[in-house]
Amino acid sequence: MKLFTPKAILVLACLLAHTVAWSQAVPQKLAAAYSKFEQDPQLQNAIASLYITDAKTGEVIFDRNSRIGLAPASTMKVITSISAYELLGRDFRYETKFAYRKNKGNNELVILPSGDPTFGSWRWAETKEDQVLAGLTKSLQRTGIKSYKHVTVANEGWNDETVPDGWMWQDIANYYGAGPAKLNWRENQYDVILRSGTSIGDPVAIVKTVPELNGYGLRSELTSAAAGTGDNAYIYFPLSAPSATIRGTIPVNESSFKISGAMPSAARQFVSTLSDTLQTLGIKLPKQPVEHNAPLPNGYTVFHTVTSPPLDSIIYWFNRKSINLYGEALVKTIAYKHTSDSQTGNGLKEIRTFWKQRGVPETELSMVDGSGLSPLNRVTTHAQVQLLQHAQSQPWYNGFYASLPVFNGMKMKSGTIRGVKGFCGYHQGKDGKEYVFSFIVNNYNGSASALVKKMYQVLDELK
């Protein structure tokens, strides 16, 4: 048995003392940095909350306003992600089934969707539009049916609500405001190509949409702004018209400026695209589907199934690219799985009940959507850290951890809506400790970029 020499023992003791001193210094440094932060003029009318724990022991390292509910913006996505892992399972997959019903020249194509937000997405090879259509057309050809009189989308159990409470009119017609239906397509978004004028104030023309929209128009009220002003264009759904209006500005001298919008009807767009594809093969299919909310009668034959990537992979893109559609689809899927009714409120109730049973008060999870786009959400940094801490001991943790982006050298999800900025996640410091944290600010003034730098300066005390 080898014994440590006196010199080695002295070195180890010094290292231990240094580590202990560093660990003890972290709360004091955080307190000083946070005190400076909350006295900043940007926070004169704001409220901020910061909660940090030791990832291994759960010991509270720092706490300011951790039990006050604040609008979390997209940091809400960590709550939805962790809840989806628990309530759906890491390997959960969506299935979109296709069936036919033969009836003497009155044939019917039946689409049986499940709310898959990845159907037709460009983020995976197997979900891309061309891949999905190629597989489906081959299966349709094998049925031998050359003409369909009806296309039915089976929406049983999935209500018509695609816009959660509190979403703003300025958001819901733009790509990040695309809501989930039972049948989604291309992440329910399309691109608009715009051409601006050569002088400030010139009108902006719509060149085209990709894909071409079926049964829906766009009208431009855009004007040209100074070079370098960026994308300040917003699409507004109409209240009583068959076309949307684009307002705002884009820079001058742009010949192919791209913005993205939310499809008014993903089901109609998908069926129209499928109809055009089949027409080249001599198969007739109506461009307009019938959406059926009641149970379908028996007598149809399933001939093709499109399976989504596993939940683990969906969560990766959900957090990496902050895709609001995925969050809303997951909440509605949780509702559908546990209550057979996809109302967002049912899914959120299931989430709150699950965490209440694990010690997180329902009052700390006052949620109205799954993505954080709604300014009506109110959650606490304490609840977010509790969930992040819970995730570390789960078998799916590695997948969740991988989904978190890196900002300021830290693995954390960011969140931004008007007047709101947040970060929450994990970080391992020089002291060897791993920290779990959530940091949210509401109602700040000034620029978001300036505030972010100041928030980073506080979080840097964990490094």
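The values are calculated or read from the model by the stated rules, or taken from the named source; none is laboratory data. Bear in mind the structure is a predicted one, so any value in this text is a computation, not a measurement. Using ideal geometry, Cβ is built from the backbone for each residue, glycine included, and neighbour counts are taken over all protein chains shown. Please note that ligands, DNA and RNA were not included when accessible areas were found on the heavy atoms of the full protein model with its side chains. Shrake-Rupley method; radii C 1.70, N 1.55, O 1.52, S 1.80 Å.
How would the stretch 335-393 be classified by its alpha-carbon gyration tensor: rounded, prolate or oblate, with rounded meaning a/c under 1.5 and the a/b versus b/c comparison settling the rest?
oblate
Take a quick pass over the stretch 85-155 and tell me how many lysine pairs come in under 14 angstrom between Cα atoms, counting only ones 8 or more apart or on separate chains.
On the way: 102/146; 102/149; 104/146; 104/149; 138/146.
Counting lysine pairs in the stretch 85-155 gives 5.
Computing the accessible area with a 1.4 Å probe over protein heavy atoms, can you report the carbon and sulfur percentage for the stretch 358-413?
Working: 1000 of 1860 Å².
Here it works out to 54 percent.
How many percent of the alpha carbon pairs in the stretch 120-252 exceed a separation of 17 Å?
On the way: 6193 of 8778 pairs.
For the stretch 120-252, the fraction of Cα-Cα distances above 17 Å is 71 percent.
So, for the chain, what is the accessible surface per residue at a probe of 1.4 Å, expressed in square angstrom?
It amounts to 45 Å² per residue over the chain.
Would you work out which of 404, 377, 424 lies farthest towards the positive end of the dipole of the chain? Charges go on Cβ: Lys and Arg +1, Asp and Glu -1.
404
Counting only residues 5 or more places away or on other chains, whose amide H sits under 5 Å from the amide H of residue 435 once H atoms are built in the peptide plane?
55, 427, 428, 429
Where Rh denotes the Kirkwood radius from the mean inverse Cα pair distance, what is Rg over Rh for the stretch 252-334?
Details: Rg = 18.0 Å, Rh = 17.0 Å.
Rounded to two decimals, Rg over Rh is 1.06.
Considering only 134, 122, 204, whose Cα is most displaced toward the positive end of the charge dipole of the stretch 121-247, charges sitting on Cβ of Lys, Arg (+1) and Asp, Glu (-1)?
Of the listed residues, the answer is 134.
By how many nm would the segment from residue 443 to residue 142 grow when fully extended, if each residue of separation counts as 0.36 nm and the alpha-carbon distance is taken off? Show your work: numbers first, answer last.
Working: separation 301, 0.36 × 301 = 108.36 nm, distance 5.91 nm.
Computed gain between residue 443 and residue 142 is 102.5 nm.
For the stretch 115-163, how big is the tail of P(r) above 14 Å, as a whole percent of Cα pairs?
68
How big is the equivalent ellipsoid of the stretch 45-97 along its three axes, where each semi-axis is √(5λ) from the Cα gyration tensor, reported in whole Å from largest to smallest?
31, 17, 6
I need the peptides 183-189, 224-230 ranked by packing, meaning the mean over residues of other C-beta atoms within 10 angstrom, with the highest value on top.
Details: 183-189: 26.4, 224-230: 13.6.
Packing proxy ranking, top to bottom: 183-189, 224-230.
Indicate the gyration tensor shape class of the stretch 55-127 (rounded, prolate or oblate), computed on the Cα atoms with a ≥ b ≥ c the square roots of the eigenvalues: a/c under 1.5 is rounded; otherwise a/b larger than b/c is prolate and the rest oblate.
prolate
Once you sort the root eigenvalues of the Cα gyration tensor of the stretch 321-450 as a ≥ b ≥ c, which label holds: rounded (a/c under 1.5), prolate (a/b larger than b/c) or oblate (the other case)?
oblate
Please report the projected area of the chain's Cα convex hull averaged over all directions, in nm².
With every direction weighted equally, the projected area is 29.0 nm².
Which percent of the accessible heavy-atom area of the stretch 223-288 goes to carbon and sulfur, probe 1.4 angstrom?
Using a 1.4 Å probe with all protein chains present, the stretch 223-288 comes out at 51 percent carbon and sulfur.
Can you give the helix-only mean residue ellipticity at 222 nm for the chain, where every DSSP H stretch with n ≥ 4 adds -39500 (n - 2.57) and the sum goes over all residues, rounded to the nearest 500 deg cm²/dmol?
-10000 deg cm²/dmol
Take the Cβ-Cβ distance between residue 39 and residue 366 as r, set R0 to 30 Å, and report the resulting FRET efficiency rounded to the nearest 0.05.
Values: r = 29 Å, r/R0 = 0.96.
With R0 = 30 Å, the Cβ-Cβ based efficiency is 0.55.
Starting from 0 in steps of 5 Å, tell me what percent of the Cα-Cα pairs of the stretch 198-256 lands in each bin.
4, 19, 26, 24, 15, 9, 4
So if I place +1 on the C-beta of Lys and Arg and -1 on the C-beta of Asp and Glu, and nothing else carries charge, what would the dipole magnitude of the stretch 46-204 be about its Cα centre? I want it in debye, nearest 20.
So the magnitude is around 900 debye.
Bin all alpha-carbon pair distances of the stretch 302-370 at 5 Å intervals from 0 and give each bin's fraction as a whole percent.
With 5 Å bins starting at 0, P(r) equals 4, 16, 19, 20, 23, 12, 4, 2, 1, 0.
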